[in-house]
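Data block below; observations after.
What follows draws every value from the coordinates through simple rules; no lab data is involved. None of these values were measured; they are calculated from a predicted model. All Cβ positions, glycine included, derive from the backbone under ideal geometry; neighbour counts span all protein chains shown.
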Ligand SMILES: O=C(O)c1cc(=O)[nH]c(=O)n1[C@@H]1O[C@H](COP(=O)(O)O)[C@@H](O)[C@H]1O
């Protein structure tokens, strides 16, 4: 009996992301099917409306932008049929060439985290994504199963550090044991995970574009997801101030600011192309 040939290691997410941003421009578009957006697109707030909305965004943008970020909550609110729409969107967007970052913000004790890792980071799962968002606020070590699963699959994990909402500061800017802000301890862990990786590590941090000067050390050798552009008030021009020297690793993210241009496929594409070009200039 012959021994099976060793499987080649999958290309790490960080390398795939760097290439995608170089080729397609530094932009992540969120797929957030708010009830108000479904109404603005002339769709019912039901599974058929969700499906039409999602399919339109994927058809318009999966061949254009570096990253698509479906926000799981907007699919979960329709139960299992909504989750089925999410599964199809992930698969279709990946086939069309976009990296898919599923925004699920999962976080739990390690043994349960292993089940979340199986859901999003096991290549055999119907929800398998290029990357997933997670919360470290049960302790960074609780994320270990997700970090290990991502590494094995060539996938990525984006860890909340400083979120874009004003309420986040009460937890994230609090002083941790050792006298540093809690968010800085999260960023330090991320930097250790990415040590030695090139051209970019696969463990990212989430740092809101709305924060003004971040005031923490962002040299984590990984991608920095920056939500908050558009509807939450931040602009491309704010990014150098927030991210300083780390600005080259920023993955700017916009949901409503692009989705509001639908349902026209041409208008969605134009809006995303305009944002990507503006961001490319600012981040260069
Ligand atoms: O992880 C995220 O994507 C995220 C982190 C954060 O700090 N702030 C934040 O707004 N987000 C998500 O980014 C999206 C922002 O949507 P818009 O405000 O419409 O661009 C939503 O899906 C949020 O859940």
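Per-structure values
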| quantity | calculated |
| --- | --- |
| Bridge type composition, region 13-283 - antiparallel percent by DSSP, nearest 5 | 5 |
| q = 0.09, 0.12, 0.16 Å⁻¹, region 13-283: log10 I(q)/I(0) [Debye, one scatterer per Cα] | -0.37, -0.67, -1.25 |
| Fully extended contour minus Cα-Cα distance, from residue 109 to residue 232, at 0.36 nm per residue | 41.2 nm |
| Difference of contour (0.36 nm per residue) and Cα-Cα distance, residue 22 to residue 137 | 38.2 nm |
| Estimated inter-spin distance, residue 180 and residue 280, nm [label 7 Å along Cα→Cβ] | 3.6 |
| Extension gain, residue 122 back to residue 46 (0.36 nm per residue minus Cα-Cα distance, nm) | 24.4 nm |
| Efficiency of FRET from Cβ geometry, residue 83 and residue 197, R₀ 35 Å, rounded to 0.05 | 0.60 |
| Fraction of antiparallel bridges per DSSP, region 91-194 only, in percent to nearest 5 | 10 |
| Calculated FRET efficiency for the pair residue 270/residue 55, C-beta based, R₀ 25 Å, to 0.05 | 0.85 |
| Mean projection area, nm², convex hull over Cα of region 214-274 | 4.5 |
